[in-house]
Amino acid sequence: MIKLLNPFVIGHYESPEYFCDREEETALLRKHVVNGRHVTLISPRRLGKTGLIKHFFGQEDIQSDFYTFFVDIYATTSLAELVQLLGKEIFEKLKPLKTQWSERFMQVVKSLRAGVKVDAMSGEMTFDIGLGEIHSPETSIDEIFCYLEEADRHCIIAIDEFQQITGYDEKNVEALLRTKIQHCRNVTFIYTGSKSHMMTQMFNSSAKPFYMSAIGMSLHQIPRETYCDFACQLFENYGKQLDREVAEDVYDRYDGYTWYMQMMLNELFSLTPQGGVCHESLISEALHNIILSQNDFYMETMARLATKQKVLLKAMAREYHERRECIKGITSAAFIKKYHLPSSSSVQSALKGLTEKDIVTVQDGSYRLSDFFFMEWCAEN
């Protein structure tokens, strides 16, 4: 194991030593996939879906028995973009293998040949296809799936933020993909999504093409005690000490959302001297540093919003900062009066816009800002 400079990894999966728990979820995912069951994995963003998938893909038996591919389509708006990402992922994963099957990629996936180029400096083949070079996304999907059917191992494809396909420019993308996928006997799919209502409708509504086509899984917070043990142990492994109260404060402050806890502990670790102890007094400094690093981005985000949305955001941030729990009754007379908001209909309209932009998250009828650090920034500004 390579010893990292900071053990609290952010934004990518490193190795099991830096990954907390998820033993039951990993075992359940393995059970479904090795038995050929497609899976839907639903949870809010920043709770650790991607980390779980990468951790599962990194298991010794999965690496030896399967080919694994992961694509994040959160920022895509068309089938062509999905094809671009999937083609690149497959090419990049197979390029180092130098097997007969991997070398057949360009023979089978003919429509993407224009994307394979030779680097003038290294002589290595690279995949760099522009969207304008994908003339028939449906043909490319057909070719990719035909290619995967020929693989000498079973393939697993994880598609992150799968609900995005419902908003693609092309019509009937759900029906198209479902038709292609149901004929792929050599591929098992993991569909992950953060918009629970959309994912549920896609897979549980009898009117939808993907109806009852996958086993459902939900991802929840890592237990508080488990994560705090993990955080304290990582500090100890690196010759530092983390007060248990600090670990518990961080967990509670971010409601067990993995990415935010990792970000805060990464900064706390950097502020703690070698051989020193991370006390509660460092939390405010760490939070200040994180928010300061995002200040320009948050200012730009706020500048793009309508006035009524800005006012509502600040009210929500202050309310959450005061109560430390998701907010109910945002359109109630009491909440409107407390923060001098306009009418209930105006608040409802602003809330709808903020939710559609993913700036506000709704859970069981309660609301909060999706980004905990942005919420702190709004409360302070």
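Here are the numbers:
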item: Zone residues, segment 42-82, relative to residue 171, backbone N less than 18 Å from point 7 Å out along Cα-to-Cβ; result: 78-80
item: Taking N as its residue count, the alpha carbon Rg of segment 10-97 over 2.2 N^0.38 Å; result: 1.16
item: Segment 330-381: C-alpha gyration tensor shape, a/c 1.5 cut-off, then a/b vs b/c; result: oblate
item: Ordering of 230-241, 154-165 by burial proxy (mean other Cβ atoms within 10 Å per residue, highest first); result: 154-165, 230-241
item: Mean accessible surface per residue for the chain, computed with a 1.4 Å probe while every protein chain stays in place, in Å²; result: 49 Å²
item: Charge-dipole axis of the chain as Lys and Arg at +1 and Asp and Glu at -1 on Cβ define it, positive-most pick from 203, 232, 287; result: 203
item: Normalised contact order of segment 55-114, rounded percent, pairs of Cα under 8 Å and 6 or more residues apart; result: 21 percent
item: Within segment 348-378: backbone nitrogen closer than 13 Å to the residue 318 label point (7 Å, Cα to C-beta); result: 378
item: Over the chain: helical MRE at 222 nm, DSSP H runs n ≥ 4 each giving -39500 (n - 2.57), nearest 500; result: -14500 deg cm²/dmol
item: Radius ratio Rg over Rh of the chain, counting only Cα atoms, Kirkwood formula for Rh; result: 0.99
item: Cα centroid of segment 163-237 to Cα centroid of segment 1-20, whole Å; result: 25 Å
item: Rg followed by Dmax, in Å, when segment 164-290 is reduced to its Cα trace; result: 21.6, 61
item: Cross-link table 3/95; 95/117; 93/171; 88/195; 310/337; 49/195, entries beyond 23 Å C-alpha to C-alpha; result: 3/95; 93/171; 88/195
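The values are calculated or read from the model by the stated rules, or taken from the named source; none is laboratory data. Treat the numbers as computed from the prediction; the structure is a model and nothing was measured. Reconstructed Cβ throughout: ideal geometry from the backbone, glycine too, with neighbour counts over all protein chains shown. Side chains are part of the model used for accessible areas, which takes the heavy atoms of the whole protein and leaves out ligands, DNA and RNA. Shrake-Rupley method; radii C 1.70, N 1.55, O 1.52, S 1.80 Å.
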